[in-house]
1. Name the helices (runs of 4 or more DSSP H) wholly within the range 1-96 that hold at least 2 residues that are among the charged types (D, E, K, R), in contact with a Phe, Trp or Tyr (Cβ under 9 Å, 6 or more places away or on another chain) and over 25 Å from V125 (Cβ atoms)?
2. What are the residues in the range 114-128 that are over 16 Å from F24 (Cβ atoms), modelled with pLDDT of 95 or more and surrounded by 12 or more Cβ atoms within 10 Å (Cβ to Cβ), if any?
3. Which members of the range 74-113 meet the condition of being among the aromatic types (F, W, Y) and either within 13 Å of the ligand (Cβ to nearest atom) or surrounded by 13 or more Cβ atoms within 10 Å (Cβ to Cβ) (or both)?
4. Pairs needed: first member in the range 101-128, within 18 Å of I84 (Cβ to Cβ); second member anywhere, part of a loop (DSSP other than H, G, I, E, B); C-beta distance under 7 Å; at least 6 residues apart or different chains.
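The values are calculated or read from the model by the stated rules, or taken from the named source; none is laboratory data. Treat the numbers as computed from the prediction; the structure is a model and nothing was measured. Quick reminder, even Gly has a Cβ in these numbers, built from the backbone with ideal geometry, and neighbours come from all protein chains shown.
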Amino acid sequence: MDAVNSVMSIIHSSVWSLLVVVFFIAYILLSKGNQKGYFISHQIARLFYVLMIVSGGYTLFYLTTLGDLPINYTIKGILALWLIYLMEKILGSKKRGEFEGRMSTYYWVQFTITLLLVIFLGFGVIFS
Ligand code: HEM
C-alpha cells in the first residue's frame, strides 16, 4: 500500500459516516426553515461528496494496479454516485417544496436501499 493510498483510505473510511450525518442535519434544518444552517451544512455535504469521490476513485484505481478491476467495488462506486445524486435530489426537492407524499416515500426507500448496499459492499458484507 503506497502512502497516497493510505491517506485516501483514511479519508474514505472516516468521511462517509460524517457525510451521512451532515446530509441528515441539512435535511432537518431545511425542514425547520433554518435557511442559514441548511446552506452551511449542504455546502459541507458537497465538500464531502468531492472527498468521497476522489478518495474512492483513487482507491479503486489503486486496486486495479494490483490486479483485475474489482467488480464489487466498481458496482459500489457506481451506487455511491447514485447515492450522492439522491442526496442532492432530496435536498433540492425539499428546498423547492416539492418533496411530499408518494414522491418523498419513493426517494427515501431508494436512499435507504442504496445506502445499505453501498455500506455492505464497502465492508465486504455482501459480494466480497
Ligand atoms: C456517498 C459516497 C460513498 C459512501 C457513503 C461510501 C462508503 C464506503 C464504505 C462504508 C466503505 C468501507 C469503508 C472501510 O473499509 O472502512 C467504502 C469502501 C470503498 N469505497 Fe466507498 N463510499 C462512497 C463513495 C465511493 C466512490 C465514489 C467510489 C469509487 C469511485 C468508492 C470506492 C470504494 C472502494 C474501492 C472501497 C474499498 C476500500 C478499501 O478496500 O480500502 N466509494 N466506501
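1. Correct list: 71-95.
2. L117, F120, L121, G122
3. W82, Y85, F99, Y107, W108, F111
4. Between residues of the range 101-128 that are within 18 Å of I84 (Cβ to Cβ) and residues that are part of a loop (DSSP other than H, G, I, E, B), the close pairs are F120/I126; L121/F127.
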